[in-house]
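Enquirer: The structure that follows is given in the form of structure tokens.
The values are calculated or read from the model by the stated rules, or taken from the named source; none is laboratory data. Predicted model only: the values in this text are computed from it and were never measured. Cβ sites come from the backbone with ideal geometry, for glycine too, and all protein chains shown count toward neighbours.
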Amino acid sequence: MPKINRRQWLLTALLCALGGPGLLAAESEGFTRKEVIYGRKDGMALTMDILTPRKPNGLGVVWAVSGGWFSSHEAIRPAAVAALLDRGYTVFAVVHGSQPRYTIPDAVADMNRAVRFIRFHAKQYGIDPDRIGVTGGSAGGHLSLMLGMAGDAGNPKAADPVDRTSSRVQAVACFFPPTDFLNYGSEGNVVLGDKVLSGFKAPFDFRELDPKTRSYVPITDRQRLLEIGRAISPYYHVTKDDPPTLIIHGDADKLVPIQQAERIIARLKEAGVPAELVVKKGQAHGWPNLAADMTTIADWFDKHLRRQASPAK
């Protein structure tokens, strides 16, 4: 696979964080926007924007604002999720700890915290805590799948009641996500911030605390690295109780091969989980009219969330 140069990497990360190259239109006026703190770490606040439509339907969708595991508040463009807002979904645009400072496991932990926080405060936000969807593109799609496949019931012994709350979601719909870093594009091709992902070294710069020096040092043991690679790959977390999952992916994608979507969709179907792959013929990693495909995302949530959801109070 060809290398992605730094300029391509920055463009890809930006476009994915914004939701795609066709989503730079003016923001809709049919919603309110509020920034809240969903957690803290390393002395800093973790924030999300809550986008509440004028006529909420009582359902929530978590939007993983991430491209190349880069995340920032400036990348939240409500126009990217206009199709959801127009149908009454309350959208939670989550900013996670971003590379280059934080790695993929950090981002996964942040996204789990965000869902716990949203569910814990569901009544306040006017949504059904048992009907939450998640969406995102590229790295945001990967994080969406990690929530769908590896979200958990929470820690019953945690001091913070939020951390005692489930991070499971009830539907996933995302764009072109990495799903298996140990078989990336082909069987046995391990990609952990190298090869085609060489422009993404920072989010794979896994480190651990050295108790002697009290400093973080790189993990270099190959077996440990493979274990982490497996742990952050949604493919290995698939079980029969996973939520209905939709993936939209271009068959000309060189950065995240469509094999990644095909692989996890097949595994989900084998487990008996409703799963669907929409193939965009001739499209690469993002496309100009990607906004139109948000309607397909909204349709998926309508099908799998609306049916049994509680009405907004």
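Enquirer: On the given criteria, is LYS269 without any contact (Cβ under 8 Å) to a residue 24 or more places away in the chain, of a type outside the set (Val, Ile, Thr) and in a loop (DSSP other than H, G, I, E, B)?
Expert: no
Enquirer: If you check ASP221, ASP242, which single one turns out to be of a type in the set (Asp, Glu), crowded, with 20+ Cβ neighbours inside 10 Å and under 28 Å from PRO105 (Cβ atoms)?
Expert: ASP242
Enquirer: Are any residues in the range 232-257 of a type in the set (Ser, Thr, Tyr), part of a loop (DSSP other than H, G, I, E, B) and under 16 Å from GLY141 (Cα atoms), and if so, which ones?
Expert: Correct list: SER233 only.
Enquirer: For SER138, indicate whether it is of a type in the set (Gly, Ala, Ser), farther than 30 Å from PRO56 by Cα and under 19 Å from the mean Cα position of the chain (by Cα).
Expert: When the stated conditions are applied, SER138 does not pass them.
Enquirer: From VAL115, VAL91, grab the single residue that is assigned to a helix (DSSP H, G or I), of a type in the set (Val, Ile, Thr), at pLDDT 95 or above and in contact with a helix residue (DSSP H, G or I) (Cβ under 9 Å, 6 or more places away or on another chain).
Expert: Being assigned to a helix (DSSP H, G or I), of a type in the set (Val, Ile, Thr), at pLDDT 95 or above and in contact with a helix residue (DSSP H, G or I) (Cβ under 9 Å, 6 or more places away or on another chain) holds for just one of VAL115, VAL91, which is VAL115.
Enquirer: Out of the range 171-209, which residues are surrounded by fewer than 21 Cβ atoms within 10 Å (Cβ to Cβ) and of a type in the set (S, T, N, Q)?
Expert: ASN183, SER186, ASN189, SER198
One line per residue, one yes/no per condition, for (1) closer than 16 Å to PHE176 by Cβ; (2) in contact with a Gly (Cβ under 9 Å, 6 or more places away or on another chain); (3) basic (Lys, Arg):
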site: ASP210; (1), (2), (3): no, no, no
site: PRO218; (1), (2), (3): no, no, no
site: ALA231; (1), (2), (3): no, no, no
site: TYR236; (1), (2), (3): no, no, no
site: THR239; (1), (2), (3): no, no, no
site: GLN259; (1), (2), (3): yes, yes, no
site: ARG267; (1), (2), (3): no, no, yes
site: LYS280; (1), (2), (3): yes, yes, yes
site: ALA291; (1), (2), (3): yes, yes, no
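Enquirer: Which residues, taken from the range 242-254, are over 14 Å from VAL134 (Cα atoms), out of contact with any Phe, Trp or Tyr (no Cβ under 8 Å at 6 or more places or on another chain) and either free of Cβ contacts under 8 Å to residues at least 24 places away in the same chain or not acidic (Asp, Glu) (or both)?
Expert: ALA252, LYS254
Enquirer: Restricted to the range 256-274, and to residues that are surrounded by fewer than 22 Cβ atoms within 10 Å (Cβ to Cβ) and among the small types (Gly, Ala, Ser), which residue is farthest from LYS195 (Cα to Cα)?
Expert: Ranking the qualifying residues of the range 256-274, first place goes to GLY272.
Enquirer: Next question. Could you list, in sequence order, the residues of the range 65-78 that are outside any strand (DSSP E or B) and either of a type outside the set (Val, Ile, Thr) or over 28 Å from GLY199 (Cα atoms) (or both)? If you could, list the steps in order and put the result at the bottom.
Expert: Filtering the range 65-78 for residues outside any strand (DSSP E or B) gives 65-66, 68-69, 71-78.
Residues satisfying the conditions are SER66, GLY68, TRP69, SER71, SER72, HIS73, GLU74, ALA75, ARG77, PRO78.
Enquirer: Right, here's the next one. Which of the strands (runs of 3 or more DSSP E) contained wholly in the range 129-231 include at least 2 residues that are free of Cβ contacts under 8 Å to residues at least 24 places away in the same chain?
Expert: Of the strands (runs of 3 or more DSSP E) lying wholly inside the range 129-231, those with at least 2 residues that are free of Cβ contacts under 8 Å to residues at least 24 places away in the same chain span 207-210, 215-218.
Enquirer: Among the numbered criteria (1) of a type in the set (Val, Ile, Thr); (2) at pLDDT 95 or above; (3) part of a loop (DSSP other than H, G, I, E, B), which one does VAL62 miss?
Expert: If we test VAL62 against (1) of a type in the set (Val, Ile, Thr); (2) at pLDDT 95 or above; (3) part of a loop (DSSP other than H, G, I, E, B), just (3) comes out false.
Enquirer: Considering only residues of the range 65-79 that are farther than 17 Å from LYS34 by Cβ and touching a helix residue (DSSP H, G or I) at 6+ places or on another chain (Cβ under 6 Å), which is modelled with the lowest pLDDT? I'd like the intermediate steps shown before the answer.
Expert: So the first thing to find is which residues in the range 65-79 are farther than 17 Å from LYS34 by Cβ, and the list is 66-72, 75, 79.
This time we only want the ones that are touching a helix residue (DSSP H, G or I) at 6+ places or on another chain (Cβ under 6 Å), so: 66-70, 75.
Working: SER66: 98, GLY67: 97, GLY68: 97, TRP69: 98, PHE70: 97, ALA75: 94.
That would be ALA75.
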